[in-house]
Amino acid sequence: MTTFPPESTSPPESFSPRRSTFLRDTATVFSREMRPALRNPAALLFEMGQPLLFLFLFGALLDGAVGSSWQWFVPGILVMMCLSGPMGAGYSLLVELIGGSMERMLVTPVSRTAMLVGRALKAMVLLLVQAVLIILLAIPLGFEPHVAGVLAGLAQLVVFGVGLGAFSFVLALRSAPDGTLFYMVSQSVMFPLLLLSGVLLPLESAPAWLRAAGRVNPVTYIVDAQRALFAGDLADPSVLYGTASACLIAAVGLRLGVSAMRKGVVQQ
């Protein structure tokens with residue numbers, strides 16, 4: 001086990017310089033992470049291949065089976081993107097850990113918290129860009145966006161995605177140097193969360209045991225909230241439950257992520 005030097009805990013001279021340093025470090029990490037994505041925008045569209053395939057093919061199959069299929073299916077696709085995108089955000093961190101570049105960064109005075117937040121912001125920007133593209137492509141198919149609901153839904157997805165991204169970073173730190181644990185856990189967790197949340201098919205007609213499993217899946221509440229928000233029903237109780245679930249995931253993920261980054265412990 002290799003332990004990197006802990007982040008400096010010396011008290012700042014005042015609150016303002018400390019906040020300024022954190023914001024500057026976060027902007028530095030965010031810029032560092034965004035540059036490769038900006039140099040290769042085609043990769044952004046390539047990552048949307050699976051969601052687009054589901055949107056155009058699976059959405060058409062559901063036409064008439066769940067009422068307005070596009071109003072029902074588009075929010076589910078966005079949650080699916082949120083699961084696959086931020087959950088895979090730790091992959092880039094894992095690559096840096098294996099290659100040694102992250103080890104060099106961990107001994108710099110850059111705030112460990114800023115390392116996490118900057119990476120999470122990059123994942124969220126990419127998620128929002130992809131979500132907007134999906135919404136625009138779905139409009140000619142029959143999707144009718146409600147502006148207030150769409151904005152509220154995207155905000156909820158950002159909170160949810162930040163938590164997932166933080167969990168992904170923790171998993172990457174614990175998986176180095178070979179990354180086996182990262183691949184095993186991310187794949188074995190993502191698909192059950194996806195299938196048991198009713199993203200692709202409604203759970204109402206599923207067996208009782210499957211509906212019960214879906215009720216203990218926190219993603220289910222976020223999916224229900226997204227569908228209510230995108231339908232313009234901001235007062236639906238599912239919105240409250242989904243928001244609470246997203247906030248809880250974000251709080252726990254950030255807590256664990258910041259702690260893991262500050263410790264900077266990598267198994268070897």
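Data overview
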| quantity | calculated |
| --- | --- |
| Residue in region 6-22 that is modelled with pLDDT of 75 or more and surrounded by 13 or more Cβ atoms within 10 Å (Cβ to Cβ) present | yes |
| Residues (farther than 19 Å from Ala260 by Cα and of a type in the set (Gly, Ala, Ser)) located in region 69-98 | Ser69, Gly76, Ser84, Gly85 |
| Residue selected from region 97-140 under the condition modelled with pLDDT of 75 or more and among the polar types (S, T, N, Q), by the criterion surrounded by the fewest Cβ atoms within 10 Å (Cβ to Cβ) | Thr113 |
| Pairs where the first residue, in region 171-189, is more than 12 Å from Val95 (Cα to Cα) and the second is among the acidic types (Asp, Glu), C-beta under 8 Å, 6+ apart | none |
| Residue list for region 189-202, filter: modelled with pLDDT of 80 or more and either of a type outside the set (A, V, I, L, M, F, W, C) or not in a helix (DSSP H, G or I) (or both) | Pro192, Leu196, Ser197, Gly198, Val199 |
| Test: Ala172 is within 17 Å of the chain's Cα centre (by Cα) and assigned to a helix (DSSP H, G or I) | yes |
| Members of region 232-243 found to be surrounded by fewer than 18 Cβ atoms within 10 Å (Cβ to Cβ) and of a type outside the set (Phe, Trp, Tyr), listed by number | Gly232, Asp233, Leu234, Ala235, Asp236, Pro237, Leu240 |
| Residue among Ala246, Ala251 that alone is among the hydrophobic types (A, V, I, L, M, F, W, C), surrounded by 14 or more Cβ atoms within 10 Å (Cβ to Cβ), within 18 Å of Ser84 (Cα to Cα) and touching a residue at least 40 places away in the same chain (Cβ under 8 Å) | Ala246 |
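The values are calculated or read from the model by the stated rules, or taken from the named source; none is laboratory data. What you are looking at is a predicted structure, and each value in this text was computed from that prediction instead of being measured. Glycine gets a Cβ as well: all are built from the backbone with ideal geometry, and neighbour counts include every protein chain shown.
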